[in-house]
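Have a look at the structure below before the remarks.
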Amino acid sequence: MGAVWSSLLAAVLVLALLTVVPGPDVAVVTRVALGSGRLAAARTAAGVAAGCLVWGVLTAAGLAAILAASAPAYAVVKLVGAAYLVFLGV
């Protein structure tokens, strides 16, 4: 097997594992469901979905390229994200 095929196989296996393992979104929705009920969990899931949608749109619009090229912009986004996590109480 060539180096390209072995690298491709390794990448596919890692990506398959990451697809199967639940992430932090699932943990948050589960925690809210257990603590606050189905309606709150549905709202949390909708918030997660909205966040994924916003992330996808911004990424498609080129935000990733802008942040990679501008260290101050990246610092601002990190600080805003940290403030949001503090607001959430994480």
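The values are calculated or read from the model by the stated rules, or taken from the named source; none is laboratory data. Predicted model, so just to flag it, every value in this text is computed and none were measured. Neighbour counts are summed over all protein chains in view; Cβ atoms, including those assigned to glycine, are modelled from backbone coordinates with ideal geometry.
In the range 6-21, how many residues are within 18 Å of the chain's Cα centre (by Cα) and either surrounded by 10 or more Cβ atoms within 10 Å (Cβ to Cβ) or in a helix (DSSP H, G or I) (or both)? Matching residues across the range 6-21 total 7. The number of residues in the range 22-45 being farther than 19 Å from Val90 by Cα and in a helix (DSSP H, G or I) comes to 3.
Residues in the range 64-90 that are over 30 Å from Arg31 (Cα atoms) and in a helix (DSSP H, G or I): Ala64, Ala65, Ile66, Leu67, Ala68, Ala69, Ala71, Pro72, Ala73, Tyr74, Ala75. Among the residues of the range 59-72, those identified as more than 13 Å from the chain's Cα centre (by Cα) and either modelled with pLDDT under 90 or of a type in the set (Gly, Ala, Ser) (or both) are Ala60, Ala61, Gly62, Leu63, Ala64, Ala65, Ile66, Leu67, Ala68, Ala69, Ser70, Ala71.
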